[in-house]
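One structure below.
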Amino acid sequence: MKKTTAAITAVGGYVPDFVLSNKVLETMVDTNDEWITTRTGIKERRILKKENAGTSYLAIKAAEDLIQKSGVDPSEIDFVLVATATPDLPVASTAAYVASEIGAVNAFAYDLQAACSSFLYGMSTAASYIESGRYKKVLVIGADKMSSIIDYTDRTTCIIFGDGAGAVLFEPNEEGLGLQDEYLRSDGVGRQFLKIDAGGSILPASEETVKNKQHYVYQDGKSVFKFAVSNMADVSALIMERNNLSHEDVHWLVPHQANKRIIDATANRMGVEPEKVMINIDRYGNTTSATLPLLLFDYEKQLKKGDNLIFAAFGGGFTWGSIYLKWAYNSK
Ligand code: UT7
């Protein structure tokens, strides 16, 4: 019997209109365009300014874009997964709300939180459901409203992050296309280096935590950089080796957009030429769970059926990993 694989069959995306440029950040904190560009590769990021709109707003827009472009009937979607580090509300599933709003009335839905690796892990979850034969249409959305947890007086974090969302549909494939292999890792040693101290079960919100600005992202950038640069390169090289892929066999590297220097180091280690590396950090910054699907959204028209894509991500926790996927369609 032929093995059923899980292929991406449609892509959608959304970024808010408001552009926060390096020039504007220069007026907000002690920084400059030259430092941000050379240290991170970021020129601008998008910020969701709409009142009372959370991550679900971004996720719904990305899903609606996918539905409109692909013509998929939302009532046929079996499962909606929202990969996010910034859910609308604590406790209540953001994915359940998104599923209802997009008309996925027959789906079950839940969120997956693994910081910047959320979408990568979500791809694995979606593919497993499809490969098992249990479900036929799985919508994976990576969405984050990072501006809701960033201190815009802290120059070490506010220059990095942006808001956005991307969505992909996974369906069964009988031609051997789609997800081929994965290598996912985590290490709890990382939690001290990238976190929000308050608002969780260890330190619930209080007057004190608000006063101490403990509800914002804290990052020890240097330490995270060291782990990210070696681990992202390691897993990407490993997945190539394990699948007998030379740099010529790799058509695209789809790397998490945390820092252009980390992306370059990963590509170098793999021997992949710069023109095969998907990049949008210059325009969106680090959109956390949305970086990978937004890359697919931006590059969809250049992708060809049978292309070998290597995804790689690294995030808080620590969480990281790599996925090898064969692209399943030519864009219309
Ligand atoms: O997506 C999840 C995973 N996250 C990551 O992978 C992020 C990994 N880390 C990084 O990308 C980098 O560490 C950062 C971009 C966050 C920082 O770059 P860096 O080259 O590691 O800078 P640094 O933290 O070592 O700081 C170097 C200097 C410091 O000044 P001194 O101590 O050398 O005088 C900082 O105070 O740059 C200073 N600095 C800034 N200067 C201008 C820090 N932030 C800024 C800024 N503008 N925004």
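A short reminder: the numbers here are calculations on the coordinates, not readings from a lab. As the structure is a prediction and not an experimental result, all values here were calculated from the model. FYI the Cβ positions are ideal-geometry reconstructions off the backbone, even for glycines, and counts take in every protein chain you see.
How would you rank CYS158, CYS116, going from fewest to most other Cβ atoms within 10 Å of each one's own Cβ? Don't skip to the end; give the middle numbers.
Details: CYS158 22, CYS116 31.
The fewest-first ordering by Cβ neighbours comes to CYS158, CYS116.
So what is the relative contact order of region 214-275, in percent, for Cα pairs below 8 Å that sit 6 or more residues apart? Show your work: numbers first, answer last.
On the way: 30 pairs, mean separation 24.8, N = 62.
Rounded, it is 40 percent for region 214-275.
If you take the charge dipole of the chain about its Cα centre, with +1 on Lys and Arg Cβ and -1 on Asp and Glu Cβ, which of LEU139, SER230, TYR121 is farthest toward its positive end?
Comparing the listed Cα positions along the dipole, SER230 ranks first.
State, as an integer percentage, the relative contact order of region 1-68 based on alpha-carbon contacts under 8 Å between residues 6 or more apart. Could the numbers behind the result be given before it?
Numbers: 59 pairs, mean separation 30.7, N = 68.
Answer for region 1-68 is 45 percent.
So how strong a dipole does the chain carry about its Cα centre when Lys and Arg Cβ are +1 and Asp and Glu Cβ are -1, to the nearest 20 debye? All intermediate terms of the calculation are to be shown ahead of the outcome.
On the way: 34 positive and 41 negative charges, 46 e Å.
The calculated dipole for the chain is roughly 220 debye.
Checking the table LYS3/LYS61; LYS23/LYS211; LYS195/LYS260; LYS137/LYS301; LYS145/LYS260; LYS23/LYS222 against a 27 Å threshold on Cα-Cα, which pairs fail?
On the way: LYS3/LYS61 34 Å; LYS23/LYS211 29 Å; LYS195/LYS260 22 Å; LYS137/LYS301 22 Å; LYS145/LYS260 21 Å; LYS23/LYS222 24 Å.
Distance filter (> 27 Å) returns LYS3/LYS61; LYS23/LYS211.
What's the magnitude of the charge dipole for region 5-176 around its Cα centre, counting Lys and Arg as +1 and Asp and Glu as -1 at the beta-carbon? Answer in Debye, nearest 20.
On the way: 14 positive and 23 negative charges, 29 e Å.
Its charge dipole is roughly 140 debye.
At what distance in nm do the modelled label points of PHE108 and ARG185 sit from each other, each positioned 7 Å from its Cα along Cα→Cβ?
A separation of 3.2 nm, rounded to one decimal place.
Can you give me the relative contact order of region 180-326 as a percent, contacts being Cα pairs under 8 Å and 6 or more apart?
So the answer I get is 36 percent.
With point charges of +1 on the Cβ of Lys and Arg and -1 on the Cβ of Asp and Glu, referenced to the Cα centre of the chain, which listed residue (ILE263, GLY162, VAL250) lies farthest in the positive direction of the dipole?
Comparing the listed Cα positions along the dipole, VAL250 ranks first.
In deg cm²/dmol, rounded to 500, what helix-only [θ] at 222 nm does the chain give when every DSSP H run of at least 4 residues adds -39500 (n - 2.57) and the total is split over its residues? Don't skip to the answer; put the middle values down first.
Working: 11 runs with 108 residues, N = 332.
It lands at -9500 deg cm²/dmol.
Per the Kirkwood definition applied to all pairs of different Cα atoms, how many angstroms is the hydrodynamic radius of the chain?
Working: mean 1/r = 0.0505 Å⁻¹.
Answer for the chain: a Kirkwood hydrodynamic radius of 19.8 Å.
How long is the gain from ASP151 to ASN268 if the chain were fully straight, where each residue apart is worth 0.36 nm and the alpha carbon distance is subtracted? Walk me through the intermediate numbers first.
Numbers: separation 117, 0.36 × 117 = 42.12 nm, distance 3.35 nm.
Net length gain for the segment: 38.8 nm.
Using a Gaussian network for the chain with springs between C-alpha atoms less than 10 Å apart, which of these wobbles most: ASN244, ASN52, ASN308?
Maximum among the listed residues: ASN52.
Cross-link partners among aspartates and glutamates for LYS136, C-alpha distance below 17 Å, same-chain residues fewer than 8 apart left out?
Candidates past the 8-residue exclusion: ASP73, GLU76, ASP78, GLU171, GLU174, GLU175.
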